[in-house]
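Just below is one structure, and these are the notes that go with it.
The values are calculated or read from the model by the stated rules, or taken from the named source; none is laboratory data. Quantities reported herein were computed from a predicted structural model and do not represent experimental measurements. All Cβ positions, even for glycine, are placed from backbone atoms using ideal geometry, and neighbour counts span all protein chains on display.
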Amino acid sequence: MDRFVWTNGLLEMNETLVIQQRGVRLYDGEDKAKLDVGVVLLSTHRLLWRDQKNNECCICIPLSQVIFFEEQAAGIGKSAKIVVHLHPVLENKEPGPYQQSKYSYIKLSFKEHGQIEFYRRLTEEMTQKRWENTPVSQPIPTGVGPKAGRTRAVGIVGIERKLEEKRKETDKNISESLSRLVGRPVIMHNTAMINVISLDSANHYLSLQAKEMVEVSKSIANKIKDKQGDITEDETIRFKSYLLSMGIANPVTRETHGSGTQYHIQLAKQLGDILQAPLEERGGMMALTEVYCLVNRARGMELLSPEDLVNACKMFESLKLPLRLRVFDSGVMVVQLQSHSEEEMIASALDNVSDKGSLTAEEFAKLLGLSVLLAKERLLLAEKMGHLCRDDSVEGLRFYPNLF
Amino acid sequence: MSFEWPWQYNFPPFFTLQPNVDTRQKQLAAWCSLVLSFCRQSKLFTLDVLEAQESAVFNNNRIHRKLSVEAIQVVFEELRKKGNLEWLDKNKSRCLIMWRRPEEWGKLIHQWVSKNGMVNLVFTLYELSNGDDTEKEGIKYFMFPCYIALYQQNGNASLQNYNFTVKATVR
């Protein structure tokens, strides 16, 4: 919190307001700031906060001071938060509400929600870095202070700084080349540990775009492998932001939104092609677990995670593909052809049962060449429609035509 | 005369409480009529739940199926709702089976009384139940419900307590 400075709250000439949100409380690291609830404002250049009750009390911090930021999910009795990690305080900083702080990060606690949109806008601004293009008339202290500010000795700190700059340079180069290839801004924060599963989904996304990107990410992975065993919490945090900037949904936390990412859309289209033939073979319906096994066996190397599969399947309808994801009452999820008619299935089930007098799920499955799970679902559905009735005894569950 | 079991009795699903609501309604209706007709035939007026589970009504040895205790309770509850059953104790272990409902008894008594010209006469329910008519055999079990029923028939009866003998006047 010692990075904040007092301000009159007015925007400068080239500065525009991006988004604001009421009901936000500030935290100095883990401690609640000695300020009340206020409005947080995001501009192209700064992050501002104004006290709701006392409009005169307004503080701000330039966006260039932000290293990175992340979301902190809401808990019981706790609001959702955005944690903003900041560069060290500058020597010539103007006065602010805090003289000093033991934390290098602050938190914005969204008591009245709105964190998702705010986070999205903050990401945009941090990506675009519009403050660099349009410097405002009032000199705003940036992350790179004047040389005179560096009063610390050029010792280990100096070496660290040099390494930091070198890393930034590498990141910048990679970012630029990635951005060119991807066609949208990509930022690389410090290279970090990437675990294999996420690397797979990252890899897949890349291979959809360009081969060169695959090479790039592979080289990064190798670089990381050298640092194996050095995972610090810091780097994990950085890695999360790295993935976010790549446009892949964060694997660690919850969904960001329901509309799905590019990755899922592409995947859904691919599934539409792959699954046509197997579905027809199996009478138009396959359990999601069967689909998962089939698809991953076919892919061999770049495996799908179950989550990715479900998300892709959810998009079938909106993409107008001839497949549908369907969830039964019992929770079983299946993929079925759009042309699949439920009434036909039930009518044929009734015929089968009547022929044989009575059937168990296993017998029915054998008869039709379906999996036992799907066979049971079909029988249960027929029972629900009133065509069949059940006989539950120590001998097992049998279905009879409903003679009642 | 041996009891004629209905077709459902030999249908295994009959002994499983059906989850489908419509099917269950039909099933319960069939059970109710089975229980009532069995009791009427066997001249049973009361049933003990645990004994019932072993009796032939709820237990078909030929197809190795029997109705579970929970399902029996459901059937009994259905009978109670219809007015054919009264619990004799709080624990619901013994019940009164009225294969003829009190109202029906009431009507029957009224008919008998009118037929025999006994209107406006005082008689004990003992007399009533021990007439020649075998139909009235169950009355001794249903004295109280019968009184209610008779009374409910537009106040056509009044009961006088006389030396522990309940008298009834049917108008």
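Within the stretch B:1-15, the set of residues being without any contact (Cβ under 8 Å) to a residue 40 or more places away in the chain and facing another protein chain (nearest Cβ under 7 Å) comprises B:F11, B:P13.
Looking only at residues in the stretch B:53-93 that are charged (D, E, K, R) and within 13 Å of chain A (Cβ to nearest Cβ), the one that is nearest to A:R398 (Cα to Cα) is B:R65. Every condition in (1) acidic (D, E); (2) touching a residue at least 40 places away in the same chain (Cβ under 8 Å); (3) more than 16 Å from A:V5 (Cβ to Cβ) holds for A:D36 except the one numbered (2). The sole residue among A:L275, A:L309 that is of a type in the set (A, V, I, L, M, F, W, C), over 23 Å from the mean Cα position of the chain (by Cα) and not in a strand (DSSP E or B) is A:L275.
In the set A:L373, A:L359, A:L368, only one residue is at pLDDT below 90 and within 14 Å of chain B (Cβ to nearest Cβ); that residue is A:L359. Name the residue that is farthest from A:E91 (Cα to Cα), counting only residues in the stretch A:145-169 that are at pLDDT below 70 and part of a helix (DSSP H, G or I). Per the stated criteria, the residue is A:K147.
Within the stretch B:61-73, the set of residues being polar (S, T, N, Q) and over 17 Å from B:L28 (Cβ atoms) comprises B:N61 only.
Yes/no matrix, rows are residues, columns are (1) within 14 Å of chain B (Cβ to nearest Cβ); (2) surrounded by fewer than 18 Cβ atoms within 10 Å (Cβ to Cβ); (3) charged (D, E, K, R):
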residue	(1), (2), (3)
A:M301	no, yes, no
A:R326	no, yes, yes
A:D329	yes, yes, yes
A:V335	no, no, no
A:K384	yes, yes, yes
A:S393	yes, yes, no
A:N402	yes, no, no
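Quick check on my filter: what residues within the stretch B:26-47 are farther than 18 Å from B:P12 by Cβ, modelled with pLDDT of 85 or more and either within 14 Å of chain A (Cβ to nearest Cβ) or over 11 Å from the mean Cα position of the chain (by Cα) (or both)? Of everything in the stretch B:26-47, those that are farther than 18 Å from B:P12 by Cβ, modelled with pLDDT of 85 or more and either within 14 Å of chain A (Cβ to nearest Cβ) or over 11 Å from the mean Cα position of the chain (by Cα) (or both) turn out to be B:A29, B:C32, B:S33. When the test is whether a residue is among the hydrophobic types (A, V, I, L, M, F, W, C) and surrounded by fewer than 15 Cβ atoms within 10 Å (Cβ to Cβ), A:M1 does not pass it.
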